[in-house]
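Structure first, commentary second.
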Amino acid sequence: MRLDLLKAMNEERRNRRAAILVTQIDSDQQRLVKAGSLEGDPLADRLEEAFRSGKSGMIDHDGASYFLTVQVPSVRLVMIGAVHISQALAPMAKIAGLDVEIVDPRTAFATQARFPDVSVTAVWPDEALDRAPLDRYTAIALLTHDPKIDDLALVRALNAECFYIGALGSRKTHAKRLERMRAQGFGETALARMHAPIGLDIGAVSPAEIAVSIIAEIVGALRKKPLRAEGRAA
């Protein structure tokens, strides 16, 4: 690999940005493709698929073979709220391969004893997200039911490129949330990115069932795969 390409890949890794090294097999020609720079690329569809899957591998296009070395950041799940749903969701998310963080300024809830083997930060969300900014490889779940806490993170999430934003609460609660965000200056396109009520509609009742619905919705958003029911409706 050329030194300039190696340096460029390392720079993207440091900044949690995805990139793919494209190597043409018969000529050994190489180029680096960064996420968000696919427009007009002859391999755009295959590169987009590789960015979604995060998997390296061989592809063929127009009679030529290429090896795609895919570099994507680890996927984060930031949960706002050290609640019962978070206790069920954290181990599920870790099994799914996500890096899990829990943020809650309420020190009685945000304890390592309640969340073993998980990063727990007992500060306000704006402070926590200043330290570790949100990005397009971050999912955020707002779970406290307290606008004073959740809204701080929601504003950050709507301004970032999070691939998933989910918020707990009824439709009535969500309608009030939307009004607060409109008052903050967010338009309908930004607000439509929210999944609320959070999780797939599977009739979940218990914290564990709700956690299952949330992790399934997050994985679906990450891989951009429509549900079978949505495919039939189309």
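The values are calculated or read from the model by the stated rules, or taken from the named source; none is laboratory data. Note that the coordinates shown come from a computational prediction; the quantities given were computed from them, not determined experimentally. In this analysis, Cβ positions are derived from the backbone assuming ideal geometry, glycine residues included, and neighbour counts consider all displayed protein chains. Side chains are part of the model used for accessible areas, which takes the heavy atoms of the whole protein and leaves out ligands, DNA and RNA. Shrake-Rupley method; radii C 1.70, N 1.55, O 1.52, S 1.80 Å.
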Notebook entry, point to check: Accessible area per residue, 1.4 Å probe, Å², for the range 102-171: what's the number?
Noted result: 44 Å²
Check: Measuring from the lowest to the highest alpha carbon on each principal axis, how far does the range 1-76 reach, largest first, in angstroms?
Finding: 37, 26, 21
Check: So what are the radius of gyration and Dmax for the Cα set of the range 170-211, in Å?
Finding: 12.5, 35
Item checked: Protein accessible area in the chain, 1.4 Å probe - carbon and sulfur % -> 53 percent
Next item on the list: With the convex hull built on the Cα atoms of the range 99-234, state its orientation-averaged projected area in nm².
Entry: 9.0 nm²
Margin query: I need the shape label for the range 82-173. Rule: rounded when a/c is under 1.5, else prolate if a/b > b/c, else oblate, with a, b, c from the alpha carbon gyration tensor.
Written below: rounded
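Report the extension gain between residue 184 and residue 131 in nm, rounded to one decimal, defined as 0.36 nm multiplied by the number of residues separating them, less their alpha carbon distance.
16.8 nm
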Next item on the list: Please work out the Cα convex hull volume for the chain and give it in Å³ per residue.
Entry: 156 Å³
Check: How large is ³J(HN,Hα), in whole Hz, for each residue of the range 189-199 in order, when computed from phi with the Karplus curve 6.51 cos²θ - 1.76 cosθ + 1.60 and θ = phi - 60°, using x for Gly and Pro?
Finding: 4, 5, 5, 5, 6, 6, 9, 8, x, 5, x
Margin query: Cut-off under 19 Å on the C-alpha distance; same-chain residues fewer than 8 positions from residue 7 excluded. Which aspartates and glutamates are left, in chain and number order?
Written below: 28
Notebook entry, point to check: Could you state the number of Å between the C-alpha centres of the range 54-79 and the range 131-170?
Noted result: 27 Å
Checklist line | Formal net charge of residues neighbouring residue 139 (Cβ-Cβ distance under 14 Å; K, R +1; D, E -1) | finding: +3
Next item on the list: With a Förster radius of 30 Å, plug the Cβ-Cβ distance of residue 123 and residue 13 into 1/(1 + (r/R0)^6) and report the FRET value to the nearest 0.05.
Entry: 0.65
Notebook entry, point to check: Can you list the lysines whose alpha carbon is less than 24 Å from that of residue 224, not counting same-chain residues fewer than 8 positions off?
Noted result: 34, 55, 94
Next item on the list: Would you calculate a helix-derived [θ] at 222 nm for the chain, using -39,500 (n - 2.57) for each DSSP H run of n ≥ 4 and dividing by the full residue count, to the nearest 500?
Entry: -12000 deg cm²/dmol
Margin query: Suppose each label sits 7 Å from its Cα in the direction of the beta carbon; what would the residue 175-residue 209 distance come out to in nanometres?
Written below: 2.5 nm
